[in-house]
Each structure stands twice: as C-alpha cells, then as structure tokens.
Amino acid sequence: MRKKIVAGNWKMNKTLQEGIELARTVNRQVEDNGIVVVLCTPFIHLTEVRNIITKDSLFLGAQNCASETSGAFTGEVSVDMIKSTGADYVIIGHSERRSYYNEDDALLNKKVKLALAAELTPIFCCGEVLAERQAGNHMRVVKTQIEKGLFDLSIDDFSKVVIAYEPVWAIGTGVNATSDQAQEMHKAIRELVAEKYGNLAADNTSILYGGSCKPSNAKELFANPDVDGGLIGGASLNAADFMGIVSAF
C-alpha cells in the first residue's frame, strides 16, 4: 500500500526560534494514525526540529541538497550532512529550484541518486508553468521531467521515491488546479510509472499534489484515487492550517 503523506515546505521562512515553536505545536497535534507528516525546514532548523519530534508519524526533511558529496563548494549542504541531522526526506527539483537556480533534469537526476545513496527519501517535484499548460504541453513537460529525472533508476531505487506534482501556475498565486485537473495529471503520472516499472510499482508510488493546497480544498483533492497527499507551502507555516490539511484524510 502506498503511503499517505503531507509534507510541509517552509521555504525561506521562520527564524530558528519561530521554527522551533511551530515544530513543537505540530508535534503536539500529530496523531500516530498512519498518515506520514513531514516538516521540510530550512537547513539551520534541522537538528533542533529533529530533537523536538517525538511522534512516530512525524518526520524531518530538507528542502534541497548539493549535487556533490563534499569539497570546496561554499554554501552548499551535502546529503550526508542532511542525513547526519536525523532527516529522512529531501525535496529535489522544486519549481523554484528549477526556475530561480536553473537546475535541469540531469542535475536533479544526480541529486536523486545522491539522496538515495545517503538513505534519504527524495520528494521529486515535477510540473508545468502557465504557458506550457495553455499550449497544451503540460503532459509532455511532466513526462519529460520524470523520465529524465527518475527513469534510469532501478526498480528498487525508484520504489523509494515520492513524486510531487506541482502546477507551477498555482504556486503562491492562490489559484489551485481543480480537483479534476489534479486527478488527471496524477493518473497520467501513475500510468507513466506503470509503463516503465509495472503496475505494482505504480500502485505503490505516492504522488503528492503541490499547488495552493489549503484546509478548504484538501479534502476534495485527497479524495481523488491518485492523489496521495500534498506538498504544502504557505499553509505549512501556520500549525492550524497545516494540521487542517493533515486531518483532511
């Protein structure tokens, strides 16, 4: 059975003290009911937040990782450094990394492999911008991102990856994909995985929705058969909103 996952991406928000308080509140409210909850914090928060986590269903994640293992790469944070904090997950290929920092499919593929080697679970992001959706190219764009980013993995390694579909035009805009649009893309992604790795692998792959998910629409989105949870941005910065999304299951 694939996991139901709600991952909060704090992005570049919260001082260390603010992050500690938010993590404490979430930790108090999380129930060990089989829903996996992940806090993807800024690097400086990782160790402190890990020390706060006491619930079996609550996990720690980073928002990015370096494309090298070590060396003279000032300002970078390696997968081994992330793992040493007690983190279990790492976001790879978020649209902001692709857009602002020009991270391409080949680089992201390298990061995925480094994360897996460090025994971190990659949350691999894919998604189209507005112009690509309007041109009717959204399916092709997402297919290419997944094929180039993931499809040279062995079936065993692929089974350890979580996929997050993020319609880029719905991130931070307050506009979310409709429930039908989300299901359409998630179903297409699952079918793509089935073609490559087989039906069992596809059935066991968790595919998260990552575009302006909030308490008011989470239940409708999560009711779709191929939507296995969410990668939550702005709403993860408020414990009540974030836990409202978690409770939508």
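The values are calculated or read from the model by the stated rules, or taken from the named source; none is laboratory data. Model, not experiment: these values are computed from the prediction. With ideal geometry, Cβ positions are generated from the backbone for all residues, glycine too; neighbour counts draw on all protein chains shown.
In this structure, does Glu48 turn out to be under 16 Å from Lys111 (Cα atoms) and either out of contact with any Pro (no Cβ under 6 Å at 6 or more places or on another chain) or buried (at least 19 other Cβ atoms within 10 Å of the Cβ) (or both)? Break it down stepwise before answering.
Details: under 16 Å from Lys111 (Cα atoms): no; either out of contact with any Pro (no Cβ under 6 Å at 6 or more places or on another chain) or buried (at least 19 other Cβ atoms within 10 Å of the Cβ) (or both): yes.
Considered against the rule, which asks whether it is under 16 Å from Lys111 (Cα atoms) and either out of contact with any Pro (no Cβ under 6 Å at 6 or more places or on another chain) or buried (at least 19 other Cβ atoms within 10 Å of the Cβ) (or both), Glu48 comes out as no.
Applying the selection to segment 150-172, what residues are free of Cβ contacts under 8 Å to residues at least 60 places away in the same chain, assigned to a helix (DSSP H, G or I) and either among the aliphatic types (A, V, I, L, M) or touching a Lys or Arg at 6+ places or on another chain (Cβ under 9 Å) (or both)? Quick ask: steps written out before the conclusion?
The initial filter retains those residues of segment 150-172 that are free of Cβ contacts under 8 Å to residues at least 60 places away in the same chain, namely 150-161, 163, 165, 167, 169-170.
Applying the additional criterion that residues be assigned to a helix (DSSP H, G or I) yields 150, 155-158, 169-170.
Of everything in segment 150-172, those that are free of Cβ contacts under 8 Å to residues at least 60 places away in the same chain, assigned to a helix (DSSP H, G or I) and either among the aliphatic types (A, V, I, L, M) or touching a Lys or Arg at 6+ places or on another chain (Cβ under 9 Å) (or both) turn out to be Leu150, Ile155, Asp157, Phe158, Trp169, Ala170.
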Given (1) in contact (Cβ under 8 Å) with a residue 12 or more places away in the chain; (2) surrounded by fewer than 17 Cβ atoms within 10 Å (Cβ to Cβ), Ile82 misses just (2)
Out of Ala235, Ala248, which single residue is buried (at least 19 other Cβ atoms within 10 Å of the Cβ), touching a Pro at 6+ places or on another chain (Cβ under 8 Å) and assigned to a loop (DSSP other than H, G, I, E, B)? Ala248
The residue that is farthest from the chain's Cα centre (by Cα), considering only those in segment 191-232 that are at pLDDT below 95 and outside any helix (DSSP H, G or I), is Lys214
Considering residues of segment 1-45 that are within 19 Å of Pro215 (Cβ to Cβ) and surrounded by fewer than 17 Cβ atoms within 10 Å (Cβ to Cβ) only, the residue modelled with the lowest pLDDT: Asn33
Contact list please: Cβ distance under 8 Å, first residue in segment 202-229 and closer than 13 Å to Lys4 by Cβ, second residue among the hydroxyl-bearing types (Ser, Thr, Tyr) and surrounded by fewer than 23 Cβ atoms within 10 Å (Cβ to Cβ), pairs at least six apart or on different chains. Asn204/Ser159; Thr205/Ser159; Leu221/Ser179; Ala223/Ser179; Asn224/Ser179; Asp228/Ser206; Gly229/Ser206
Quick one: Leu107 ticks every box in (1) touching a Phe, Trp or Tyr at 6+ places or on another chain (Cβ under 7 Å); (2) more than 23 Å from Ile5 (Cβ to Cβ) bar one, so which box is it? (1)
Filter pass, Lys4 being over 16 Å from the mean Cα position of the chain (by Cα) and among the basic types (Lys, Arg): no
Given the criteria under 29 Å from Lys196 (Cα atoms), surrounded by 17 or more Cβ atoms within 10 Å (Cβ to Cβ), within 15 Å of the chain's Cα centre (by Cα) and among the acidic types (Asp, Glu), does Glu128 qualify? no
Ser95 being more than 28 Å from Gly211 (Cβ to Cβ), surrounded by 18 or more Cβ atoms within 10 Å (Cβ to Cβ) and either of a type outside the set (A, V, I, L, M, F, W, C) or more than 16 Å from the chain's Cα centre (by Cα) (or both): no
When you scan segment 215-223, do you find a residue that is within 30 Å of Ala117 (Cα to Cα) and either surrounded by fewer than 16 Cβ atoms within 10 Å (Cβ to Cβ) or β-branched (Val, Ile, Thr) (or both), even just one? no
